[in-house]
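Single-structure report; data block below.
What follows is calculated from the coordinates using simple rules that are stated; it is not laboratory data. Source: prediction; values computed, not measured. Every residue, glycine among them, receives a Cβ derived from its backbone with ideal geometry; neighbour counts consider all protein chains shown.
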Amino acid sequence: MMKGIQINNKWKPYLVFAILTFILYGNTLNHFYVFDDVVVMTNNRFTQQGIKGIPDLFKYDSFVGYWMNLYNGRTIEQLNNDFKLLEGGRYRPLSLVTFALEVEFCGKENIYPNSDMRFIGNAFVSHLINILLYLFTSCLLFLILHRLFPFDKDQKWYVSFSFIVTLLFLSHPIHTEVVANIKGRDEIMAFLGSLGALWFTIKYMDDNKYHKLVMSGLCLFLGLLSKENAITFLAVIPLTIYYFVNQKIVLMLKSMIPLIIVSALFLIIRDKSTGFDTSNTIPELLNNPFLHATKSETLATAFFTLLIYIKLLFFPHPLTYDYYPYHIEIANWSNPVVIISLFFYVGIGLYAVYGFLKKRDVFSWSIWFYLLPLSVVSNLFFQIGVFMGERFIYFSSIGFAIFTAWLICRYVPGLMFKVQSSPYFVAAVVGIILCLYSLKTITRNRAWKDNFTLFTTDIETSKNSIKGNRMASSVMLLKAINPNNVYETQKRNEYCDEAAHYLKRTINIFPQDPDPILKIADLYFNCYGDVAQSLYYCAMALALPVETTFKDFMVDYSIRDLLNMTHTLLDEQRNISSPEEIIQSCDELLKVKPDIGEVYYIKGQIYGKYLNNVELALINFEQALSMDFPKTTRFYEYLGTAYGFSGDYTNAIQYLLKAVESGTDDFNTYLNLSIIYKQLGDMDNANLYASKGNEMQTNMKK
């Protein structure tokens, strides 16, 4: 009987963890792929190939598959040279391998909402795997803590230190980004591998069996292949052994050998695979938030964000995916928050050193567990491409959970007059924290349902973020341009207005970035048909100094694409701009870049078709003719017609015939040729083209 009860008690903590995990994150199972999932899963060429793509996932930087799909036609070597958008590159093949396996065995074809982009995947399976991995991590954490801090005699398991730490870690809302965002699997797997390495190292110290060393090295290697910050456990593991397990130096040194070997092996593989030069400055603000900051400002801002981490651990509200410029602004040393953060971290750092040398207490160990993983994502030693992120505190939150649980277990009972009542008081305190954490976690998960929900929710928190406003405008624009149902069609103008609002806010925050300017040019064209405003923003984008050759190419490409669509809009006489406004915007565009033939083409259209000024129409058409841009059939029709109205019949026939040779579908071209030939007395050709024109007109009416 007693044995049965003991077995039940042994498994009760794990049952609680399983139930709690699904209570907290079960509402993510019906969520879609969101945010950075596009990089690692839905739009990554290698993962979308399933098993076939796995060798390339190990061979190249983790973002190459995404860049290849996004910029089809460029070689991997070109991508490595042209897209150095993240300092040092990213090499995390193992989590991407799991996505490739999902595609292979569980994938089904999907289409993004409000888009025609297709991909293979199963979001339910992806979210379920994240939840299970998170549960396994929590169970392994409890197993390790239970070995380091066994239950006291007659202690109830539900008020034990190891159980409380695991509950605090499992339920903390700051983990929602890691679990609810499928891409966060790299963090979960890296931490799971790191904890596995710690567990097997402890077991080796217990029984001195060498196969445990092999397992510890394997676990850390798998963690490193998931995400690079697992390397911080090279310090966390020996510190933990030193504090709680065995102080025999020889055994400790032996336990470190496989960890050092696999870490060195990983760094060699990574160096050969990423191909990125870490010495280059990334010339993109959204991938290098310290681009325009001094070294002093960079250091001050890093300490500013480090205090935000502390705040979010104690009070996890509000949460956001978006800590990009300028949700967080560049700080300097006159900011009191920076000074407070500096003194706080120096203080806990000194206490950690003191505890290491003298006390070996749990508080100092918890500080080491917090500081060491945080060091590689703190921006103090090298830049990580963003000011901060909730996912970056995932490893370090263990230190916070240990610190908090130790306070509760060691000091809360002292508040009670009756010792026998203290376990229930501890349980009550933990229960209150757990309820608050759980409520926040469950409600926060809802924001991660899909891109529209995430971006429109978090922009209310990150109103000054460049990225946040851009992403909110993008999902609004998708809703407006590609509505799925009648209800959204009716709200089209509302979505357009919201998208314009976010884009204008982005431009006000960071007017040096051409991307939102080009997007608002596109919006005015596609949503409102306002050619003048579209061209006005094109001129604004061209006037900006470009930071990279690729950005110059993208600006030029985007504007030319808009100009080509403008011709079609004007052909169909669909725009709300006055002809004079369009001419004015064209002139502004030509002031910045006077060699854009398409702009002279548009001016020729306006003068000829809308203002009946043949002379100015012909001047602009001839200017366009002298420039290097794709001459369309319609261009030759307009040019030939303008020559005809001006009385230059020779050139009129030349260019109208070019339109005919190009396969024009406009019967007016044939009728105009007939009229000109008739004026020249060539009745044979006049009758020939009149017949063809009338025949085309008759067929069109049918």
### Message
Show me, for segment 431-448, the HN-Hα J-couplings you get by feeding each phi into the Karplus relation (A = 6.51, B = -1.76, C = 1.60, θ = phi - 60°), rounded to Hz, glycine and proline as x.
### Response
x, 5, 4, 4, 5, 5, 4, 5, 4, 5, 4, 5, 5, 5, 4, 4, 5, 8
### Task
Compute the acute angle (0 to 90°) between the alpha-carbon long axis of helix 633-646 and the principal axis of greatest extent of the alpha-carbon atoms of the chain; round to the nearest 10°.
30
### Task
Can you grab the distance from the C-alpha centre of segment 318-347 to the C-alpha centre of segment 609-634, Å, no decimals?
56
### Task
Round to a whole angstrom and tell me the spacing of the C-alpha centers of segment 130-193 and segment 229-268.
21
### Query
Once the Cα atoms of helix 667-679 and of the chain are each reduced to a long axis, what angle between those two axes, in degrees from 0 to 90 to the nearest 10, is obtained?
30
### Query
Among the aspartates and glutamates, which have Cα under 17 Å from the Cα of residue 449 when same-chain residues fewer than 8 positions away are ignored?
36, 37, 177, 322, 458, 460
### Summary
Computed over the chain, the relative contact order (Cα-Cα under 8 Å, seq sep at least six) in percent reads 11
### Query
Considering only 112, 132, 468, whose Cα is most displaced toward the positive end of the charge dipole of the chain, charges sitting on Cβ of Lys, Arg (+1) and Asp, Glu (-1)?
132
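Multiply the residue separation of residue 687 and residue 661 by 0.36 nm, subtract the distance between their alpha-carbon atoms, and state the gained length in nm to one decimal.
Contour length minus Cα-Cα distance gives 7.5 nm.
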### Query
Helix 614-625 versus the longest principal axis of the chain: what is the Cα-based angle in degrees, 0 to 90, to the nearest 10?
50
### Task
Just grab the label-to-label distance for residue 30 and residue 271, each label 7 Å out from Cα along the Cβ direction, in nm (one decimal).
5.1
### Task
Please state the charge dipole magnitude for the chain, taken about the Cα centre, from unit charges on C-beta atoms (+1 on K and R, -1 on D and E), reported in debye and rounded to the nearest 20.
4160
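Using the crude model of +1 on Lys and Arg Cβ and -1 on Asp and Glu Cβ, and no other charge, please compute the dipole size for segment 511-701 relative to its Cα centre, in debye to 20.
Values: 14 positive and 27 negative charges, 74 e Å.
In debye, rounded to 20, segment 511-701 gives about 360.
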### Pairwise label distance in nanometres, residue 294 with residue 564, each label 7 Å out on the Cα-Cβ vector
4.8
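Here are some pairs, 153/209; 609/692; 10/440; 212/248; 609/678; 203/359; which of them have Cα atoms lying more than 19 Å apart in this structure?
Working: 153/209 29 Å; 609/692 24 Å; 10/440 30 Å; 212/248 17 Å; 609/678 24 Å; 203/359 24 Å.
As for pairs spanning more than 19 Å Cα to Cα, those are 153/209; 609/692; 10/440; 609/678; 203/359.
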### Query
Equivalent-ellipsoid semi-axes (√(5λ), Cα gyration tensor) for the chain, whole Å, largest first?
64, 24, 24
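FRET efficiency for residue 357 and residue 427, Cβ-Cβ distance as r, R0 = 51 Å, nearest 0.05?
Numbers: r = 36 Å, r/R0 = 0.70.
Once rounded, the FRET efficiency stands at 0.90.
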#### Entry: MRE, 222 nm, helices only [DSSP H, n ≥ 4, -39500 (n - 2.57), over the chain, to nearest 500]
-21000 deg cm²/dmol
#### Entry: Inter-site label distance for residue 235 and residue 15 at 7 Å from Cα along Cβ, in nm
4.2
